[in-house]
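> Can you keep this structure in mind? I'll have questions shortly.
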Amino acid sequence: MANVASKRSKLIEDALGTRYTLPDVFFEFIGAVELLWMTDMFDALMFVPTALLVAWHERPWRVVSRLLLAWGLASLIRITTVAITSVPDPRPSCQYVEGNVFTAFTLHRCGDAIYSGHTLIFVVCAMVWTSFAPKNI
């Protein structure tokens, strides 16, 4: 659905003849920050310790099964959210999906600005730590 939202964003931009972004006071004062590698770094900083927690847990299959269930449900919610609430992406460097939406792959695509995949990783990893971390940490 994120690819469909990106394709829809491109069609809207082509129809308007210009790139439309919603007004945002934060971006007016701070400006655009072009450090997309930081989101991937923070994903790794969340995911690697979570993987280590799962590996050294006393019942790792229980943790993995619940992690996958939470990930699946969160992905389902993300699919519906992206399909319903596609807003113009404020980043000028976002990548539109060109071609077939079912086979195309881009990392930082336009159209999924509200509930991104990075947010999904943060939330699921935080849920694992909340539920399965040792109590003395």
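The values are calculated or read from the model by the stated rules, or taken from the named source; none is laboratory data. All values reported here derive from a predicted model rather than from experimental measurement. A quick note on method: Cβ atoms are made from the backbone with ideal geometry, for glycine too, and the neighbour counts reach across all protein chains shown. Side chains are part of the model used for accessible areas, which takes the heavy atoms of the whole protein and leaves out ligands, DNA and RNA. Shrake-Rupley method; radii C 1.70, N 1.55, O 1.52, S 1.80 Å.
> Has the range 81-93 got at least one residue that is open to solvent by less than 50 Å² (accessible area, probe 1.4 Å) and touching a strand residue (DSSP E or B) at 6+ places or on another chain (Cβ under 7 Å)?
No, the conditions are met nowhere in the range 81-93.
> ALA104 is checked against (1) open to solvent by 50 Å² or more (accessible area, probe 1.4 Å); (2) outside any helix (DSSP H, G or I); (3) of a type in the set (A, V, I, L, M, F, W, C) and fails just one. What number does that condition carry?
Every listed condition holds for ALA104 apart from (1).
> Among the residues of the range 73-90, is any touching a residue at least 24 places away in the same chain (Cβ under 8 Å), farther than 19 Å from SER116 by Cα and within 22 Å of the chain's Cα centre (by Cα)?
Within the range 73-90, none of the residues are touching a residue at least 24 places away in the same chain (Cβ under 8 Å), farther than 19 Å from SER116 by Cα and within 22 Å of the chain's Cα centre (by Cα).
> Further question on the same structure: Taking the range 41-80 only, how many residues are surrounded by 13 or more Cβ atoms within 10 Å (Cβ to Cβ) and not in a helix (DSSP H, G or I)?
Of the residues in the range 41-80, 1 are surrounded by 13 or more Cβ atoms within 10 Å (Cβ to Cβ) and not in a helix (DSSP H, G or I).
> Tell me whether the range 82-100 contains one or more residues that are among the aliphatic types (A, V, I, L, M), modelled with pLDDT of 80 or more and assigned to a helix (DSSP H, G or I).
no
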